[in-house]
1. Per 5 Å bin, what percent of the C-alpha pairs of the chain does each bin hold, from zero upward?
2. What ranking of H43, H9 comes out by heavy-atom accessible area, probe 1.4 Å, highest first?
3. Express in % the proportion of alpha carbon pairs of the stretch 15-59 at distances exceeding 14 Å.
4. Per residue, how many Å² of accessible area does the chain show with a 1.4 Å probe?
5. How much of the accessible area of the stretch 1-66, probe 1.4 Å, is carbon plus sulfur, in whole percent?
6. Quickly work out the S3-to-H43 label distance, labels modelled 7 Å from Cα along the C-beta direction, and quote it in nm with one decimal.
7. Would you mind working out the magnitude of the charge dipole of the chain relative to its Cα centre, with +1 at each Lys and Arg C-beta and -1 at each Asp and Glu C-beta, to the nearest 20 Debye?
8. May I ask for the angle, rounded to the nearest 10°, between helix 4-14 and the longest principal axis of the chain, with both axes built from Cα atoms and the value confined to 0 to 90°?
Amino acid sequence: MLSTLELRHIIESAFLPLECTCKALAEDCLSITIMNKGKTQLHVANVNPSVLIDSNSINRLIADIKSELSLTETRGAQVINRNH
């Protein structure tokens, strides 16, 4: 299993050139905020790092977030609360 620091780096790098901040709020909770030109486009709360056990699970999370991010272009900024 990857450390929280490694997960944060992988997630933040996946959204370049957009600004992505991944914060560990508690031992079992990550918060991901994606911004474009300083304006929040998407905030994903309550990501459980213990489910990010391999490259496939990390890639699924990133793909899900990118999919939601593309929807924000039509709906505007949003908050997603993940409880798993």
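The values are calculated or read from the model by the stated rules, or taken from the named source; none is laboratory data. Every value quoted in this text rests on a predicted model; they were computed, and no experiment measured them. When we count neighbours, we look across all protein chains shown, and the Cβ atoms used for this are built from the backbone with ideal geometry, even at glycine. To get the accessible areas, we keep the full protein, side chains included, count just its heavy atoms, and leave off ligands, DNA and RNA. Shrake-Rupley method; radii C 1.70, N 1.55, O 1.52, S 1.80 Å.
1. 3, 15, 29, 28, 16, 7, 1, 0
2. Details: H43 50, H9 120 Å².
Solvent-accessible surface, decreasing: H9, H43.
3. Tail of P(r) above 14 Å: 54 percent of Cα pairs.
4. 62
5. Numbers: 2020 of 3840 Å².
Exposed carbon and sulfur together represent 53 percent of the surface.
6. 2.8
7. 280
8. Computed tilt is about 30 degrees.
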